[in-house]
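To start, the structure itself, in structure tokens.
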Amino acid sequence: MIRIPPSALLGLVMTGAFFFVAIFADFIAPYPLAAVVGGVWDPSSSEHWLGTDSIGRDLMSRMIYGGQTTIKIATLATIVSFGLGSVLGFTAATVGGWVDQALSRFVDLLMSIPSLILALVVLSVMSVNELTLILVMGLLDATRVFRLSRAVAVDITVMDYVEAARLRGEGTGWIIFREILPNALSPLVAELGLRFIFAVLFISTLSFLGLGVQPPGADWGGIVKENSAGLVYGIPAALAPAVAIAVLAISVNLVADWVLNRTTSLKGGRGA
Amino acid sequence: MPDPILSIRNLKIEATVYPPDAPPHDVVIVDGVSLDLQKGKVLGLIGESGAGKSTIGLSAMSYGRGGVRLTGGEVMLNGREIRLANAKALRSLRGREVTYVAQSAAAAFNPALTLMDQVVEATLRHGLATRSEAEARAVKLFRKLGLPDPDNIGKRYPHQVSGGQLQRVMTAMALCPEPSLVVFDEPTTALDVTTQIDVLAAIKEAIHDTGVAALYITHDLAVVAQVSDDIMVLRNGKTVETGVVRQIIDDPHEDYTRALVSVRSIDHEEKAKAEPVLRVDGVTARYSGTSFDVLSDINVDLAPGQTLAVVGESGSGKSTLARVITGLLPPRAGSIHFNGRDLTPDLKSRTKTDLRELQMIYQMADVAMNPRQTVGTIIGRPLEFYFGLRGEAKRKRVQELLDQIEMGKGYIDRYPAELSGGQKQRVCIARALAAKPRLIICDEVTSALDPLVADGILRLLLELQAQENVAYLFITHDLATVKAIADSIAVMFKGKVVRYGSKSEVLAPPFDDYTDLLLSSVPEMRLGWLEEAIAGRRMASAGN
């Protein structure tokens, strides 16, 4: 039986709740996404728990659908960045030589440009839809994952057991997936949580700037943008999505922390 | 008898351990140890790793490493109880009345400060002398310890002197405040054998001249016999035996001490010359991006079922030779013939048979096994890879191999972290054996092990050689090991083979200067060896 510390349990429950709401948004949301059902910025009531937004749509429903969009894009972008970044990072470390040089210098090039500015440039010339957003974010984040997985793998490739595998005649695939990956997992898992959070923040930022999810679609960043004018009049509608982003970030981090601690003290774990 | 400098009574030391599958709990790591140390005397603490010798040594400063607590008994230094002393009292004590010499000088020095700054630091901090007095004292100690250019060596930084010199500088650092007790914690273990002897002689003389009391901690009985007056043998945190050096060496009372004394007593008959399985022909190699040859014109051969020992100090090129033979470093010139075939220089172009018949065992078994794979997976992989064995057949063969390395049942599903040092090395041997090789390259396979464990591994290797008719290329810096197992020997120095032949030829005089130095530097388990060896040598060691 695994003993889960309270902080991790809280993180797991909260993260689980966010994903549950995101997946079943269609059944949970009390009103449709774009239906105008009340006045402008109605205060919270039994019909509209969080009140209504800048043009009278139910804020609760917008939050739920917005969470779905945000979490979906962030998850897929994280998967893209990890798939791409870790495989390329491990390959660079294992193969070495000019392959490593070419990949690393290309990544340096991408990283030398602030990712938000690069994303803004790319998105302003391309048609903005969910697929482009996911690919752009995934690609930009993959540079960070590449750096981490290459650094971790370089430490592992100098181990004698990797040399032993080479001397045995094993192929690059075996060395990457059977010798390196299991030993690189714990830092990567912790990074997975962090990268997911950065993806959430990134898509929120893009939407807030108007280059992310386009109306009538909604995501948390977009909802902040729509309602930010209300803050001047003391209307807290813009705070709801901001709080949601913060709570999600903390929950995922609590889980990532616990996973990192657990995997390093596993049998045979390196960081015991 | 005058009062002892250090007196320890019934010392009990506990530590908190954090096992992965159980709640944290306390374990007793030293129990009921008592000792007395008079002025000017040296007490050797000897035992295997985990015996508690370093822990006891540090207790003389009333210090416990992370999580280690001195929970019982008393520690008296100069007549004062210090086990329960407060931080302020301890601060005035450490570096003044008792000082410490660590194993790895390279890790103990601050690379950003000059040697002199660090040597006089404790003396100045305690206000024991003015800076110029302290520096004069340090220079005197440098001279006494045989350091080159004693007047100016203090101006250098740690990376500008050799490992053996750094160890002597640390000894000077410990002696500079004129303490009443110095704790030496394996000061020569990390050094090459020819350097060790110089440092040993310097330390011995310095202890003698300054008249301090010393605790000398080591795992090598032959070393401690040279510097100590008395020896305490420790095992699992308890005292096994205490006595004067002569009694411990010549007439040990306990079985465990007897085993330690008689270690390295393997007898190995040299086998006759035969048609070689491996022939290294004029090999010259260098690492890319460098401009000198690490190996030049190496010619050696090795018969099936025999052992060629390659001996030399660090940097002599012996491990590079292994890299060339395995194909990790293609040579610039020369060729390697193996089993009647020419081996291609590069690993990638070798056939599966070539790869299978040439296996390797490493020095550090810890990093030679993937920590995320079980013993079954580790030994089973070559079976699967070379012979296509799967499922039950593979498991059965793995168990056979485990029986062969005398580990038996119950290990197949364990992870490397759940094995002892000796068991780990055995699993590595089984992995090499699984490929049914004709040649195994053993790269310092016993250097990281305790003497008794190393002894067991050597015996196992010899037994397996007899059973499987496998040849060993045995790389080592330890001549005692060589004497125990070799059929032929190649002595390497600065990338060249300086002496090569059968064991009896190589170990018979007349010697060339380097072989003489190497042979005379191996500590022997008798009194007075150190002085004889120093007096009789013809060549200075590289670390000097």
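When you restrict to C-alpha pairs under 8 Å that are six or more residues apart and normalise by the size of chain B, the relative contact order lands at 16 percent.
Positive end of the dipole of the range A:6-264 (Cβ unit charges, origin at the Cα centre): among A:Ala77, A:Val40, A:Val158, the Cα lying farthest that way belongs to A:Val158. Shown in residue order for the range B:118-132 are the 3J(HN,Hα) couplings computed by the Karplus curve 6.51 cos²θ - 1.76 cosθ + 1.60 at θ = phi - 60°: 7, 5, 8, 4, 5, 4, 6, 4, 8, x, 7, 7, 6, 4, 5 Hz (x for Gly and Pro). The residues A:Trp258, A:Trp174, A:Trp220, when put in order of fewest to most other Cβ atoms within 10 Å, stand as A:Trp174, A:Trp258, A:Trp220. The simple Förster model, with R0 at 51 Å and r as the Cβ-Cβ distance, assigns B:Asn152 and B:Arg246 a FRET efficiency of 0.75.
Here the translational diffusion coefficient of the range A:1-84 follows from Stokes-Einstein with Rh set to the Kirkwood radius across Cα pairs; for 4 °C and 1.567 mPa s it amounts to 88 µm²/s. Subtracting the Cα-Cα distance of B:Glu418 and B:Thr130 from their residue separation scaled by 0.36 nm leaves 98.3 nm. Couplings 3J(HN,Hα) for the range B:284-290, derived from phi with the Karplus relation 6.51 cos²θ - 1.76 cosθ + 1.60 (θ = phi - 60°), are 10, 9, 9, 7, 5, x, 10 Hz, where x marks Gly and Pro. Once the chain from A:Leu110 to A:Val243 is taken as fully extended at 0.36 nm per residue, the excess over their C-alpha distance is 44.7 nm. Calculate the length of the line joining the C-alpha centroid of the range A:90-112 to that of the range B:25-44, in whole Å. Each part's Cα centre sits 55 Å from the other's. In the protein assembly as shown, helices alone account for a calculated mean residue ellipticity at 222 nm of -14500 deg cm²/dmol, with every DSSP H run of four or more residues adding -39,500 (n - 2.57). For the range B:1-131, the Cβ-based charge dipole about the Cα centre amounts to some 500 debye (Lys, Arg positive; Asp, Glu negative; other atoms uncharged). Near the amide H of B:Val240, within less than 5 Å, lie the amide hydrogens of B:Val233, B:Leu234, B:Arg235, all on another chain or at least 5 residues away, with H placed in the peptide plane. Charge tally around B:Val30: other residues with Cβ under 12 Å, Lys/Arg +1 each, Asp/Glu -1 each, net +3. Amide H contacts of A:Thr52: A:Trp41, A:Asp42, A:Leu59, each under 5 Å away and 5 or more positions distant or on a separate chain (H built 1.01 Å from N in the peptide plane; Pro and chain starts excluded). The range A:154-189 and the range A:229-243 have Cα centres lying 51 Å from one another. Charges were assigned to the Cβ only: +1 to each Lys and Arg, -1 to each Asp and Glu. The resulting dipole of the range B:6-261 about its Cα centre is roughly 880 debye. Axis angle, to the nearest 10 degrees, between helix B:451-468 and the longest C-alpha principal axis of chain B: 10 degrees. Taking every alpha-carbon pair under 8 Å whose residues sit at least 6 apart, the range B:6-261 reaches a relative contact order of 27 percent.
Kindly express, to the nearest 10 degrees and within the range 0 to 90, the angle between helix A:97-112's C-alpha long axis and the longest C-alpha principal axis of chain A. For A:97-112 against chain A, the angle is about 20 degrees. Using a Debye calculation, one point per C-alpha and no hydration shell, please list log10 I(q)/I(0) for the range B:6-261 at q = 0.17 Å⁻¹ in order. Values returned for q = 0.17 Å⁻¹ are -1.33.
Whole Å is fine, so just give me how far the alpha carbon centre of the range B:273-308 lies from that of the range B:372-408. First find each Cα centre; the distance between them is then 32 Å. Considering only beta bridges that DSSP places wholly inside the protein assembly as shown, some 55 percent are antiparallel. Between the listed residues B:Leu191, A:Gln101, A:Ala199, the Cα displaced farthest toward the positive end of the dipole of the protein assembly as shown, a dipole computed from Cβ unit charges relative to the Cα centre, is found at A:Ala199. Positive end of the dipole of chain B (Cβ unit charges, origin at the Cα centre): among B:Val98, B:Ala322, B:Leu302, the Cα lying farthest that way belongs to B:Ala322. For chain A, the longest principal axis of the C-alpha atoms and the axis of helix A:239-264 are separated by about 20°. Approximating the spin labels as points 7 Å out from Cα along Cα→Cβ, the B:Lys88-to-B:Val28 distance works out to 3.5 nm. Using the Stokes-Einstein relation with a Kirkwood hydrodynamic radius computed over Cα pairs, the translational diffusion coefficient of the protein assembly as shown at 4 °C and a viscosity of 1.567 mPa s comes to 41 µm²/s.
Database remark: amide H of B:Cys442 closer than 5 angstrom to the amide H of B:Ile361, B:Leu473, B:Phe474, B:Ile475 (H placed geometrically; neighbours at sequence offset of 5 or more, or on other chains; Pro and chain starts carry no H).
Take the Cβ atoms of B:Thr114 and A:Gln214, set R0 to 56 Å, and the FRET efficiency comes out at 0.30. Across every direction, the projection of the convex hull enclosing the Cα atoms of chain B has a mean area of 27.4 nm². State to the nearest 20 debye the size of the charge dipole of the range A:6-264 about its Cα centre, where the only charges are +1 on K and R beta carbons and -1 on D and E beta carbons. Value, rounded to 20: 300 debye. The mean number of Cβ atoms from other chains found within 10 Å of a Cβ in peptide A:154-161 is 5, as a whole number. Our compactness index for chain A, the C-alpha radius of gyration over the empirical 2.2 N^0.38 Å, is 1.17. Over the C-alpha trace of the range B:291-331, radius of gyration and Dmax come out as 11.2, 37 angstrom.
Largest first, the three principal axis extents of the alpha carbons in the range B:394-544 are 57, 31, 25 Å in whole numbers.
Ratio of Rg to Rh for the range B:190-312: 1.14 [Cα atoms; Kirkwood radius as inverse mean 1/r over pairs]. Each peptide in A:236-242, B:331-337 receives the mean, over its residues, of other Cβ atoms within 10 Å, and ordering these scores from highest gives A:236-242, B:331-337. Bridge orientation summary for the range B:394-544: considering DSSP beta bridges with both residues in this region, about 55 percent are antiparallel. With a cut-off of 8 Å between alpha carbons and a minimum separation of six or more residues, what is the relative contact order of chain A in percent? Contact order relative to length: 24 percent.
Could you tell me the calculated FRET efficiency between A:Gln101 and A:Val158, based on Cβ-Cβ distance and R0 = 30 angstrom, to the nearest 0.05? So, using R0 = 30 Å, E works out to roughly 0.95.
Read the figures in this text as sums done on the coordinates, not as results from a lab. Everything numeric in this text was worked out from a predicted model, so none of it was measured. In this analysis, Cβ positions are derived from the backbone assuming ideal geometry, glycine residues included, and neighbour counts consider all displayed protein chains.
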